[in-house]
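Asks: I have a structure here, written as C-alpha coordinates, and I will follow up with some questions on it.
The values are calculated or read from the model by the stated rules, or taken from the named source; none is laboratory data. Computed from a predicted model, the values in this text were never measured in an experiment. Glycine gets a Cβ as well: all are built from the backbone with ideal geometry, and neighbour counts include every protein chain shown. Note: accessible area is taken over every heavy atom of the protein model, side chains too, but ligands, DNA and RNA are not part of it. Shrake-Rupley method; radii C 1.70, N 1.55, O 1.52, S 1.80 Å.
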Amino acid sequence: MDHGPKEGDSAGAAPGDGGRGAASSSGGVVVQVREKKGPLRAAIPYMPFPVAVICLFLNTFVPGLGTFVSAFTVLCGARTDLPDRHVCCVFWLNIAAALIQILTAIVMVGWIMSIFWGMDMVILAISQAERRCRTAESDLH
(Lines give C-alpha, C1' and ligand atoms only; values in the text may rest on other atoms or scores of the structure.)
Protein backbone atom coordinates (compact mmCIF):
# COMPACT_ATOMS: atom_id res chain seq x y z
CA MET A 1 0.00 0.00 0.00
CA ASP A 2 1.61 3.26 -1.14
CA HIS A 3 0.95 6.37 0.97
CA GLY A 4 3.23 8.68 -1.01
CA PRO A 5 2.09 11.53 -3.27
CA LYS A 6 0.06 10.55 -6.30
CA GLU A 7 1.11 11.39 -9.82
CA GLY A 8 0.64 15.10 -10.46
CA ASP A 9 0.70 15.98 -6.75
CA SER A 10 3.61 17.82 -5.25
CA ALA A 11 5.16 16.34 -2.09
CA GLY A 12 4.57 19.47 0.04
CA ALA A 13 1.06 20.17 -1.16
CA ALA A 14 -1.71 20.49 1.33
CA PRO A 15 -5.19 19.26 0.44
CA GLY A 16 -7.22 21.95 -1.25
CA ASP A 17 -4.36 24.29 -2.14
CA GLY A 18 -4.09 23.24 -5.77
CA GLY A 19 -0.62 21.75 -5.48
CA ARG A 20 1.01 25.05 -4.50
CA GLY A 21 2.21 23.63 -1.16
CA ALA A 22 1.83 25.09 2.30
CA ALA A 23 5.42 24.42 3.33
CA SER A 24 7.84 27.22 4.08
CA SER A 25 11.26 27.53 2.47
CA SER A 26 12.78 25.57 5.36
CA GLY A 27 10.61 22.58 4.49
CA GLY A 28 8.11 22.72 7.37
CA VAL A 29 5.14 24.66 8.59
CA VAL A 30 5.27 26.24 12.02
CA VAL A 31 1.93 26.57 13.72
CA GLN A 32 1.51 27.91 17.22
CA VAL A 33 -1.72 27.47 19.14
CA ARG A 34 -2.27 29.41 22.31
CA GLU A 35 -5.25 28.63 24.53
CA LYS A 36 -7.14 31.65 25.77
CA LYS A 37 -8.16 31.18 29.40
CA GLY A 38 -10.79 33.06 31.34
CA PRO A 39 -9.81 34.74 34.62
CA LEU A 40 -11.02 31.87 36.83
CA ARG A 41 -9.16 29.25 34.82
CA ALA A 42 -6.03 31.41 34.51
CA ALA A 43 -6.01 31.76 38.30
CA ILE A 44 -5.27 28.04 38.79
CA PRO A 45 -1.83 28.00 40.44
CA TYR A 46 1.21 26.07 39.22
CA MET A 47 1.84 23.80 42.22
CA PRO A 48 4.33 21.02 42.90
CA PHE A 49 3.09 17.70 41.51
CA PRO A 50 2.32 16.02 44.89
CA VAL A 51 0.25 19.03 46.04
CA ALA A 52 -1.66 19.06 42.73
CA VAL A 53 -2.44 15.34 43.09
CA ILE A 54 -3.71 15.92 46.64
CA CYS A 55 -5.93 18.77 45.38
CA LEU A 56 -7.27 16.52 42.61
CA PHE A 57 -8.03 13.81 45.20
CA LEU A 58 -9.79 16.34 47.46
CA ASN A 59 -11.79 17.77 44.54
CA THR A 60 -12.87 14.28 43.52
CA PHE A 61 -14.37 13.37 46.89
CA VAL A 62 -15.35 16.79 48.30
CA PRO A 63 -16.14 19.19 45.43
CA GLY A 64 -14.33 22.50 45.81
CA LEU A 65 -12.09 21.49 48.71
CA GLY A 66 -8.98 21.00 46.55
CA THR A 67 -9.63 24.30 44.80
CA PHE A 68 -9.99 25.96 48.21
CA VAL A 69 -6.64 24.48 49.31
CA SER A 70 -5.00 25.57 46.04
CA ALA A 71 -6.07 29.17 46.74
CA PHE A 72 -3.72 29.20 49.71
CA THR A 73 -0.79 28.04 47.57
CA VAL A 74 -1.15 31.35 45.73
CA LEU A 75 -0.51 33.13 49.04
CA CYS A 76 2.58 30.92 49.47
CA GLY A 77 4.03 32.11 46.16
CA ALA A 78 2.63 29.70 43.56
CA ARG A 79 2.71 31.22 40.06
CA THR A 80 -0.43 31.63 37.93
CA ASP A 81 -1.23 32.74 34.39
CA LEU A 82 -2.35 36.11 35.78
CA PRO A 83 0.99 37.83 36.47
CA ASP A 84 -0.50 41.33 36.22
CA ARG A 85 -3.08 40.68 38.98
CA HIS A 86 -2.33 41.15 42.67
CA VAL A 87 -1.89 37.99 44.77
CA CYS A 88 -5.00 38.77 46.84
CA CYS A 89 -7.11 39.11 43.68
CA VAL A 90 -5.92 35.73 42.41
CA PHE A 91 -6.55 34.23 45.85
CA TRP A 92 -10.16 35.47 45.80
CA LEU A 93 -10.66 34.21 42.24
CA ASN A 94 -9.69 30.72 43.45
CA ILE A 95 -12.01 31.05 46.46
CA ALA A 96 -14.81 32.08 44.07
CA ALA A 97 -14.12 29.02 41.88
CA ALA A 98 -14.25 26.80 44.99
CA LEU A 99 -17.57 28.33 46.07
CA ILE A 100 -19.03 27.84 42.59
CA GLN A 101 -17.95 24.19 42.71
CA ILE A 102 -19.43 23.67 46.18
CA LEU A 103 -22.73 25.42 45.45
CA THR A 104 -23.33 23.70 42.10
CA ALA A 105 -22.25 20.24 43.30
CA ILE A 106 -25.88 19.55 44.21
CA VAL A 107 -26.76 19.32 40.51
CA MET A 108 -23.51 17.44 39.65
CA VAL A 109 -22.18 20.39 37.60
CA GLY A 110 -19.93 21.53 40.44
CA TRP A 111 -18.63 18.04 41.05
CA ILE A 112 -17.68 17.58 37.41
CA MET A 113 -16.16 21.08 37.31
CA SER A 114 -14.24 20.29 40.49
CA ILE A 115 -12.75 17.11 39.01
CA PHE A 116 -11.74 18.92 35.81
CA TRP A 117 -10.23 21.71 37.91
CA GLY A 118 -8.15 19.14 39.77
CA MET A 119 -7.04 17.56 36.49
CA ASP A 120 -5.99 21.02 35.25
CA MET A 121 -3.92 21.45 38.43
CA VAL A 122 -2.08 18.18 37.74
CA ILE A 123 -1.56 19.08 34.06
CA LEU A 124 -0.12 22.47 35.06
CA ALA A 125 2.17 20.80 37.61
CA ILE A 126 3.46 18.39 34.96
CA SER A 127 4.02 21.21 32.44
CA GLN A 128 5.89 23.22 35.08
CA ALA A 129 8.13 20.23 35.88
CA GLU A 130 8.85 19.68 32.16
CA ARG A 131 9.69 23.37 31.73
CA ARG A 132 12.11 23.21 34.68
CA CYS A 133 13.80 20.12 33.21
CA ARG A 134 14.22 21.84 29.84
CA THR A 135 15.75 24.96 31.41
CA ALA A 136 18.05 22.81 33.57
CA GLU A 137 19.21 20.89 30.47
CA SER A 138 19.81 24.09 28.52
CA ASP A 139 21.85 25.49 31.45
CA LEU A 140 24.09 22.42 31.33
CA HIS A 141 24.90 22.88 27.64
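Asks: Looking at segment 46-82, which of the residues that are part of a helix (DSSP H, G or I) and open to solvent by 80 Å² or more (accessible area, probe 1.4 Å) is nearest to residue 122 (Cα to Cα)?
Replies: Kept after step one, since they are part of a helix (DSSP H, G or I), are these residues of segment 46-82: 49-61, 65-75.
Next, from what is left, pick out any that are open to solvent by 80 Å² or more (accessible area, probe 1.4 Å): 49-50, 54, 57, 61, 68, 72, 75.
Values: 49: 6, 50: 9, 54: 9, 57: 10, 61: 16, 68: 15, 72: 16, 75: 19 Å.
By that ranking, first place goes to 49.
Asks: Of everything in segment 85-141, what is loosely packed, with under 11 Cβ neighbours inside 10 Å and under 20 Å from residue 50 (Cβ atoms)? Give them in sequence order.
Replies: Answer for segment 85-141, where residues must be loosely packed, with under 11 Cβ neighbours inside 10 Å and under 20 Å from residue 50 (Cβ atoms): 130, 132, 133, 136.
Asks: Taking residue 1 as meeting all but one of (1) exposed (fewer than 10 other Cβ atoms within 10 Å of the Cβ); (2) at pLDDT 90 or above; (3) over 19 Å from the mean Cα position of the chain (by Cα), write down the number of the exception.
Replies: Residue 1 satisfies all of (1) exposed (fewer than 10 other Cβ atoms within 10 Å of the Cβ); (2) at pLDDT 90 or above; (3) over 19 Å from the mean Cα position of the chain (by Cα) except (2).
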